[in-house]
Amino acid sequence: MFHVKHQLTGIHYVSRETSSALDELIAREEERFNQYTELLLWWNKKINLVSRNAGISEVGRHIRHSLIPVALDMSVSKETILDTGTGGGLPGIPLAMALPERHFILNDISEKKCRALKQMVHKLGLVNCEVRPGDLEKLRLVDSCILATKHAFKLKELFHKSKSIPWKQAIIYKGKDYQMELDYYEGEELSGQAFDLSALDPPEFFSQKYILLVQRTGVIITRAGT
């Protein structure tokens with residue numbers, strides 16, 4: 001467990017066997033994942049959804065990355081999953097394909113990206129997805145949810161913008177700098193776990209990538225790291 005007042009003392013190292021679980025997840029919906037890849041690359045030529053030079057293999061890696069919470073059975077509760085800063089639908093669209101019984105909200109501040117997302121969701125037949133454009137800070141949700149985001153925010157910004165969102169748990173895709181970001185965070189006290197993905201295939205993609213599984217404690221702190 002980690003606490004924002006202290007250095008992270010325990011990290012879970014995800015085993016290589018998780019790569020096989022990811023392969024199985026992708027095989028179950030291979031046709032739709034391929035369709036999503038084609039749609040994402042088509043829209044990427046018009047709007048910057050992923051890197052401009054992204055090809056099929058790179059999008060495939062982002063899909064694998066997005067599905068790790070399912071392979072590790074992280075999202076066990078039944079709340080809606082809010083994917084904020086989703087861009088081209090990562091991680092929300094792959095997660096929605098793998099978890100058809102769950103409801104997903106795809107949120108991005110860019111109206112253009114959200115228009116593309118609506119088209120992709122429609123083409124893919126994802127009836128468990130809705131798209132809500134706008135700033136996360138101004139988004140209004142009544143029911144509790146799981147917050148998800150993939151490399152879209154610094155942690156301080158994410159937790160500040162989402163303070164009015166009724167989330168209990170957050171699944172956050174981050175790089176190796178996550179601990180430094182936590183150390184400088186001031187606000188609501190948090191606890192959780194970190195998962196090191198460096199053992200997964202392909203290693204050159206997953207090196208120095210982590211997923212944080214964060215819970216709110218409901219306690220406000222005034223200064224992190226003290």
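Structure above, values below:
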read-out	value
Some residue of the stretch 170-193 being aliphatic (A, V, I, L, M), in a loop (DSSP other than H, G, I, E, B) and modelled with pLDDT of 85 or more	no
Matching residues in the stretch 69-84 - criterion: being part of a loop (DSSP other than H, G, I, E, B), open to solvent by 20 Å² or more (accessible area, probe 1.4 Å) and small (G, A, S)	S77
Scan of the stretch 86-100 for residues that are crowded, with 24+ Cβ neighbours inside 10 Å, among the hydrophobic types (A, V, I, L, M, F, W, C) and not in a helix (DSSP H, G or I), ordered by number	L90
Per-region count, the stretch 29-61, residues open to solvent by 40 Å² or more (accessible area, probe 1.4 Å), touching a helix residue (DSSP H, G or I) at 6+ places or on another chain (Cβ under 8 Å) and part of a helix (DSSP H, G or I)	5
The stretch 39-50 residues that are at negative phi, paired with ones that are surrounded by fewer than 17 Cβ atoms within 10 Å (Cβ to Cβ) and in a helix (DSSP H, G or I) (beta carbon under 9 Å, 6 or more apart)	L39/Q119; L39/K123; L41/I56; W43/Q119; K46/K112; I47/K112; I47/R115; V50/E58
Number of the exception - R140 against (1) closer than 24 Å to D73 by Cβ; (2) at pLDDT below 95	(1)
Failed condition for K163, given (1) closer than 27 Å to Y210 by Cβ; (2) in a helix (DSSP H, G or I); (3) among the charged types (D, E, K, R)	(2)
Test: residue in the stretch 145-154 that is modelled with pLDDT of 95 or more, open to solvent by 80 Å² or more (accessible area, probe 1.4 Å) and assigned to a loop (DSSP other than H, G, I, E, B)	no
Subset tally (residues that are touching a Leu at 6+ places or on another chain (Cβ under 8 Å), at positive phi and free of Cβ contacts under 8 Å to residues at least 24 places away in the same chain) for the stretch 51-87	0
Any hit, the stretch 125-136, residues being of a type in the set (K, R), open to solvent by 40 Å² or more (accessible area, probe 1.4 Å), part of a loop (DSSP other than H, G, I, E, B) and touching a residue at least 12 places away in the same chain (Cβ under 8 Å)	no
Residue match in the stretch 101-122 (condition: under 26 Å from S15 (Cβ atoms), assigned to a helix (DSSP H, G or I), open to solvent by less than 10 Å² (accessible area, probe 1.4 Å) and touching a residue at least 24 places away in the same chain (Cβ under 8 Å))	no
Number of the condition not met by V219 [criteria: (1) of a type in the set (A, V, I, L, M, F, W, C); (2) part of a strand (DSSP E or B); (3) modelled with pLDDT of 95 or more]	(3)
Residue selected from the stretch 163-207 under the condition among the hydrophobic types (A, V, I, L, M, F, W, C) and over 17 Å from the mean Cα position of the chain (by Cα), by the criterion surrounded by the most Cβ atoms within 10 Å (Cβ to Cβ)	L182
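To keep it simple, each residue is scored yes or no on (1) touching a helix residue (DSSP H, G or I) at 6+ places or on another chain (Cβ under 7 Å); (2) among the small types (G, A, S); (3) at positive phi.
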| position | (1), (2), (3) |
| --- | --- |
| G89 | yes, yes, yes |
| G92 | no, yes, no |
| M97 | yes, no, no |
| K113 | no, no, no |
| E130 | no, no, no |
| E137 | yes, no, no |
| R140 | no, no, no |
| T149 | yes, no, no |
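The values are calculated or read from the model by the stated rules, or taken from the named source; none is laboratory data. These figures come from a predicted structure and were not determined experimentally. All Cβ positions, even for glycine, are placed from backbone atoms using ideal geometry, and neighbour counts span all protein chains on display. SASA here: full protein model, heavy atoms, side chains in, ligands and nucleic acids out. Shrake-Rupley method; radii C 1.70, N 1.55, O 1.52, S 1.80 Å.
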